[in-house]
Every structure is written in C-alpha cells, then in structure tokens.
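Report on the structure given below.
The values are calculated or read from the model by the stated rules, or taken from the named source; none is laboratory data. If you're wondering where the values come from, they're calculated on a predicted model, not measured in any experiment. When we count neighbours, we look across all protein chains shown, and the Cβ atoms used for this are built from the backbone with ideal geometry, even at glycine. All accessible areas refer to the heavy atoms of the entire protein, side chains included, with ligands and DNA or RNA removed. Shrake-Rupley method; radii C 1.70, N 1.55, O 1.52, S 1.80 Å.
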Amino acid sequence: MEQKNQMILEVESRSCNEGLARIAVAAFSTQLNPTLEEVADIKTAVSEAITNCIVHAYEKETEMIRIRCSSRGRELTVVIEDTGKGIENVEKAMEPLFTTLPEQDRSGMGFAFMEAFMDQVCVESWPGKGTTVTMKKVIGRQNAVFE
C-alpha cells in the first residue's frame with residue numbers, strides 16, 4: 001500500500017514569508033527522497049506562486065495564503081490558495097511575459113517558471129474571490145510508475 005501524507009501551512013502575505021513557505025514545502029518533499037535538482041525545482045515553483053499572491057492577489061494588503069502539500073506514492077502535490085482579487089483571464093495571465101504590473105519591472109514569467117519546474121500546473125481563479133494554484137511533481141521520474 002502506498003504511503004500518503006499531508007501538511008497545511010498558512011502564512012501572511014508578506015515577502016518575508018515567501019522563504020518560509022518555500023523551505024517548508026521543500027522539507028515536506030524530502031520524505032520522497034528527491035534529488036537536489038528536484039528540490040530546487042519545487043522551491044522555485046513555490047516561490048513564484050507565493051510571490052504572485054503577495055504582489056498580485058493582495059497588492060498592498062496583508063492577508064493569509066494557504067499552502068497545502070500532500071504526497072501519494074512518488075507524487076508531490078502543492079496547492080497554494082489566496083482569497084485576493086482573482087485573475088480576470090487565467091489563460092492570458094499564464095502566457096509568458098504577460099504582466100499586469102510592467103511599471104514594477106515584473107517579468108511575467110511566474111506561471112511559465114511553475115510550468116517549467118513542475119510536471120503539472122492548474123490555475124483556477126474567481127474574480128473578487130481568489131485563486132488556487134495546484135502543482136504536481138513526480139519525484140524520481142525516471143524510476144516512477146505512472147498510474
């Protein structure tokens with residue numbers, strides 16, 4: 001029987017908590033025995049998702065960001081949720097180089113990085129209610145058996 005585990009962490013939408021979230025998810029992933037490269041991938045994707053919440057979802061307000069992690073077999077799932085302003089057009093927002101804040105020197109590569117470093121990224125958003133980003137990564141992909 002495959003092992004299953006989960007973690008829930010809530011942090012305020014402050015820049016100083018981006019590192020905490022990234023390290024917490026990386027620490028959770030160690031139970032799957034990832035390579036250093038896989039840990040770096042996970043940390044980068046989480047960093048981008050948390051930064052999106054801080055910069056875009058809540059703008060200058062301080063609200064809560066929820067991070068849920070789960071593992072099943074070799075698959076790590078990370079869900080990052082905010083209750084911020086939401087995304088009007090998710091498809092457009094996920095295009096590389098698209099940004100709603102060019103005046104802040106934002107590159108518009110957050111979702112592209114998440115997709116590059118994780119195996120699967122799903123973004124659901126409701127204007128005025130928030131956004132949920134679900135990312136999955138199979139650890140030890142070369143040895144994994146896909147269901």
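List of remarks:
- Note on region 28-61: residues that are touching a helix residue (DSSP H, G or I) at 6+ places or on another chain (Cβ under 8 Å), free of Cβ contacts under 8 Å to residues at least 60 places away in the same chain and among the acidic types (D, E) total 0.
- Condition check for N5: closer than 19 Å to G130 by Cα and either surrounded by 15 or more Cβ atoms within 10 Å (Cβ to Cβ) or in contact (Cβ under 8 Å) with a residue 24 or more places away in the chain (or both): no
- Residue in region 93-116 that is at pLDDT 90 or above, open to solvent by 80 Å² or more (accessible area, probe 1.4 Å) and polar (S, T, N, Q) present: no
- Criterion: modelled with pLDDT of 90 or more, within 16 Å of the chain's Cα centre (by Cα) and crowded, with 20+ Cβ neighbours inside 10 Å - qualifying residue of I87, I65, I23: I65
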